[in-house]
Amino acid sequence: MEVLTRKGSLGFLEEEQDLVAYFPGTFDIKTLVRELDVLKTVLKIGGIDEELRFSSTLVPDQDWNESWKKGFTPLDVGKSFTILPPWEEQRSGRINLIIDPGMAFGTGHHETTRSCLVMMEKYEGRTAKDSFLDLGTGTGLLAIAAAKLGYRRIVAVDTDPLATEASRMNIGLNGVTNIEVRDGSMDAVPEKYDCIAANIISGVLIMLADQIAEHLNESGLAILSGILAEQAEEVVTAVEQAGLKLKETYPDDKWVSLVFMK
């Protein structure tokens, strides 16, 4: 996934033993296929027996839109959250998170996103609620959840312009007014925060560990996700070296979310 993300993938869908990666229609898929062929050869030389198989299909925009709409059904997460699309009726007595992903990654159904929401709900009373950072916001889901949990000042950042566009749209759908969306990464957030949530790949979390620790208030909380179980130890090492303490490890299938405190 990390390799495909670096190559420009817009998002992923996991299906049984397969991984579906989406790329822009203008993407040079032939070059990527050649590079994957080289990777397959390297794996074979390295003694890895599992065969790497891949194929590509051009999906028209209208087919993409209809496919995710058909599969996007309301989902209850944790004790109080419900994630639902704008065409579904809101649930009484729940914290409704209305998400229309458009072409950005994230309906909230992925294990890593659900784990972030569960941890946000669990730890919401253990830190101040003055400020919240959603790092790699995607569709803005975690920022919107933070607003509905009562955080007063929220910043959502992403390096993908499709994500920031989707975030602004979803913020409007949810009627929250205290979220500022910015283009970029940690370079776009000079302030410190009471809580930082980052649902991004392990390599980026390791790279940003020092900056995440630096931008966390005293007694602040960092919820890090998007981590494969076998990569968790590397992330823990990097973040602890940056000065944060591991509070909880939360596994969900092959993924792990980590909670750190300052």
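The values are calculated or read from the model by the stated rules, or taken from the named source; none is laboratory data. As the structure is a prediction and not an experimental result, all values here were calculated from the model. Don't worry about glycine lacking a Cβ; one is built from the backbone with ideal geometry, like all the others, and counts go over all protein chains shown. Note: accessible area is taken over every heavy atom of the protein model, side chains too, but ligands, DNA and RNA are not part of it. Shrake-Rupley method; radii C 1.70, N 1.55, O 1.52, S 1.80 Å.
Ranked by the mean number of other Cβ atoms within 10 Å of their residues, highest first, the peptides 143-156, 221-234 come out as 143-156, 221-234.
At full extension, residue 187 and residue 80 could sit 35.2 nm farther apart than now, given 0.36 nm per residue minus the alpha carbon distance.
Using packing as a proxy for protection, rank 117-125, 130-138, 253-261, 239-247 so that the peptide with the highest average count of other Cβ atoms within 10 Å comes first.
For the peptides 117-125, 130-138, 253-261, 239-247, the packing ranking is 130-138, 253-261, 117-125, 239-247.
From the largest down, the stretch 143-196 spans 26, 26, 13 angstrom on the principal axes of its Cα atoms.
Accessible area per residue for the stretch 117-262 is 40 Å², calculated with a 1.4 Å probe on protein heavy atoms, without ligands, DNA or RNA.
Expressed as a whole percent, the accessible area of the stretch 153-214 that falls on carbon and sulfur atoms is 55 (1.4 Å probe). Between residue 4 and residue 19, the simple label model (points 7 Å from Cα in the Cβ direction) yields a spacing of 0.6 nm. Once the Cα-Cα distance is subtracted from the 0.36 nm per residue extended length, the residue 73 to residue 246 segment shows a gain of 58.9 nm.
Mind ordering 171-177, 30-36 by average Cβ neighbours within 10 Å, highest first?
Taking the mean over residues of other Cβ atoms within 10 Å, the ranking is 171-177, 30-36.
With the largest listed first and rounded to whole Å, the semi-axes of the equivalent ellipsoid of the stretch 129-262 from the Cα gyration tensor are 23, 16, 14.
The modelled label-to-label distance between residue 58 and residue 94, using points 7 Å beyond Cα along the C-beta direction, is 4.0 nm.
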